[in-house]
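The values are calculated or read from the model by the stated rules, or taken from the named source; none is laboratory data. Every value quoted in this text rests on a predicted model; they were computed, and no experiment measured them. Here the Cβ is made from the backbone with ideal geometry for all residues, glycine too, and neighbour counts use every protein chain on show.
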């Protein structure tokens with residue numbers, strides 16, 4: 001029998017989604033009372049949620065003052081993008097010679113592209129950031145290395161947070177992100193690993209407004 005989510009689980013999911021979406025921006029100090037009122041729960045499950053979020057690095061707690069939403073740290077963005085590039089390129093390398101796997105991966109990526117266009121059309125930036133993360137994870141999944149799957153999944157929410165921030169700041173990026181994704185899907189279809197490696201790095205650094213090689 002599947003356990004139902006507790007009040008603390010619901011508070012945790014709500015607050016984490018608010019942080020990832022940017023509704024609770026980095027540097028903001030919030031209280032248990034604010035979140036309890038927002039989620040319709042008592043302070044006890046909110047306190048449990050805050051402790052869990054602190055252990056994961058999303059918050060920093062200050063007794064009697066509240067919880068600080070931890071901003072994206074200096075250097076974190078560059079480290080995250082470098083890790084993603086290494087995992088994606090290595091995963092593509094693992095199935096580049098398997099034509100059937102490339103076909104399956106490309107079909108999934110092109111289906112994701114259709115969803116991205118629909119989300120961009122409605123201005124759903126948070127939904128778009130989630131679909132963007134899933135698009136990139138497709139390459140990793142087809143590499144069929146469960147350890148890399150787990151590691152890459154652990155980066156997902158931080159990836160979503162950065163993408164949501166970028167596209168909210170500049171909605172005009174949506175079209176260029178989709179165009180980059182079309183190019184990446186074509187490279188996967190042909191198994192062009194070296195070109196994918198260069199293209200995915202340029203894509204990620206451009207989306208997040210960073211200079212390549214400058215963290």
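For the list (1) modelled with pLDDT of 95 or more; (2) in contact with a strand residue (DSSP E or B) (Cβ under 8 Å, 6 or more places away or on another chain), I need the number of the one condition that residue 93 fails.
That leaves (2) as the condition not met.
From (1) surrounded by fewer than 16 Cβ atoms within 10 Å (Cβ to Cβ); (2) free of Cβ contacts under 8 Å to residues at least 60 places away in the same chain, pick out the condition that doesn't hold for residue 182.
(2)
Restricting attention to the range 71-80, and to residues there that are modelled with pLDDT under 90 and surrounded by fewer than 17 Cβ atoms within 10 Å (Cβ to Cβ), which single residue is farthest from residue 31 (Cα to Cα)?
Only one residue tops the list, namely 75.
Hey, could you check the range 53-70 for residues that are touching a strand residue (DSSP E or B) at 6+ places or on another chain (Cβ under 9 Å) and part of a helix (DSSP H, G or I) and say which is surrounded by the fewest Cβ atoms within 10 Å (Cβ to Cβ)?
Among those that are touching a strand residue (DSSP E or B) at 6+ places or on another chain (Cβ under 9 Å) and part of a helix (DSSP H, G or I), it is 54.
Does residue 127 count as closer than 27 Å to residue 74 by Cα and surrounded by fewer than 19 Cβ atoms within 10 Å (Cβ to Cβ)?
It is true that residue 127 is closer than 27 Å to residue 74 by Cα and surrounded by fewer than 19 Cβ atoms within 10 Å (Cβ to Cβ).
Which condition number does residue 151 fail, the rest of (1) touching a residue at least 60 places away in the same chain (Cβ under 8 Å); (2) within 25 Å of residue 193 (Cβ to Cβ); (3) buried (at least 16 other Cβ atoms within 10 Å of the Cβ) being met?
Unmet condition: (3).
Mind listing whichever residues of the range 194-213 are surrounded by fewer than 16 Cβ atoms within 10 Å (Cβ to Cβ), modelled with pLDDT of 90 or more and in contact with a helix residue (DSSP H, G or I) (Cβ under 7 Å, 6 or more places away or on another chain)?
Of everything in the range 194-213, just one residue is surrounded by fewer than 16 Cβ atoms within 10 Å (Cβ to Cβ), modelled with pLDDT of 90 or more and in contact with a helix residue (DSSP H, G or I) (Cβ under 7 Å, 6 or more places away or on another chain), namely 195.
Within the range 18-34, can you find the residues that are part of a helix (DSSP H, G or I) and in contact with a helix residue (DSSP H, G or I) (Cβ under 8 Å, 6 or more places away or on another chain)?
Matches in the range 18-34: 19, 20, 21, 32, 33.
Yes/no per residue for (1) under 17 Å from residue 155 (Cα atoms); (2) in contact with a helix residue (DSSP H, G or I) (Cβ under 8 Å, 6 or more places away or on another chain); (3) not assigned by TED's automatic domain parsing to the domain that holds residue 148:
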position	(1), (2), (3)
16	yes, yes, yes
40	no, no, yes
43	no, yes, yes
60	no, yes, yes
64	no, no, yes
95	no, yes, no
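Taking the stated definitions as given, is residue 46 under 23 Å from residue 164 (Cα atoms), surrounded by 14 or more Cβ atoms within 10 Å (Cβ to Cβ) and either at pLDDT 90 or above or within 21 Å of the chain's Cα centre (by Cα) (or both)?
Here the answer is no, as residue 46 does not meet what is asked.
Select from the range 87-109 the residues that are outside any helix (DSSP H, G or I) and touching a residue at least 24 places away in the same chain (Cβ under 8 Å) and write down the one among them that is farthest from residue 150 (Cα to Cα).
97
Based on what the data block shows, is residue 174 farther than 19 Å from residue 82 by Cα, assigned by TED's automatic domain parsing to the domain that holds residue 124 and buried (at least 18 other Cβ atoms within 10 Å of the Cβ)?
yes
Which of the helices (runs of 4 or more DSSP H) found entirely inside the range 110-188 contain at least 3 residues meeting this: at pLDDT 95 or above and under 20 Å from residue 90 (Cβ atoms)?
Because the criterion is at least 3 residues that are at pLDDT 95 or above and under 20 Å from residue 90 (Cβ atoms), the helices (runs of 4 or more DSSP H) in the range 110-188 that meet it are 125-142, 146-154.
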